[in-house]
C-alpha cells in the first residue's frame, strides 16, 4: 500500500464531496467535514500503529516513526467529532449521551479490518 499514508485525507475528501452534494460548495460546513473527518481517520491510524508496522502499511503515524498504539486518542476523537456534529445539529443533550453510549458499547465490536 504505497499511498496508505494519504488515507485520512482521502477519506476526509470523500466525505467533503458527499457533504457538497447535500449542502453545496458555498457552505463552510463542507470544509469542517473535510477537516474533522481527516483528523478522526488519522486518530484511527494512531490506534493501530503496531499492527500497521507489522503488516507493512505506510500510514502517517508509521511514516512519522511512531512506534506504539494510542488507542485513547481514537476514542477521544470519536467523542469530540460526535460532539461537533451534535452541536451543529442543535439537538438535545440526551442524543449526544446516547451516541456516546453507542460508541462505547460498540468500540471493540467493530474491528479495523
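To the nearest 10 degrees, how steeply does helix 7-23 sit against the main Cα axis of the chain, on a 0 to 90 scale? Compared with the principal axis, the helix lies near 20 degrees. Put in line by how crowded their Cβ is, counting other Cβ atoms within 10 Å and starting with the fewest, 59, 106, 82, 30 read 106, 82, 30, 59. The Rg/Rh ratio for the stretch 4-106 is 1.03, where Rg is the radius of gyration of the alpha carbons and Rh is the Kirkwood radius. Computed from Cα atoms, the angle from the helix 93-106 axis to the main principal axis of the chain rounds to 20 degrees. Across every pair of non-identical alpha carbons in the stretch 31-77, the mean reciprocal distance, once inverted, gives a Kirkwood radius of 10.7 Å.
What number, in nm² with one decimal, is the all-direction average of the projected area of the convex hull of the alpha-carbon atoms of the stretch 44-101?
Seen from a random direction, the Cα hull of the stretch 44-101 projects 4.6 nm² on average.
Only helical DSSP H runs with n ≥ 4 go in: add -39500 (n - 2.57) per run for the chain, normalise by residue count and round the 222 nm mean residue ellipticity to 500 deg cm²/dmol. So the calculated ellipticity at 222 nm is -22500 deg cm²/dmol.
Given the peptides 41-53, 85-97, arrange them by the average over their residues of other C-beta atoms within 10 Å, most packed first.
The most tightly packed comes first, giving 41-53, 85-97.
Helix 29-47 versus the longest principal axis of the chain: what angle, 0 to 90°, nearest 10, using Cα atoms? Result, in degrees: 30.
Peptides 17-23, 5-11 ordered by packing proxy, namely the average of other Cβ atoms within 10 Å per residue, highest first: 5-11, 17-23.
Readers should treat all values here as calculations from the given coordinates under stated rules, not as data from a laboratory. From a predicted model like this one, the values you see are computed outputs, not experimental measurements. In this analysis, Cβ positions are derived from the backbone assuming ideal geometry, glycine residues included, and neighbour counts consider all displayed protein chains.
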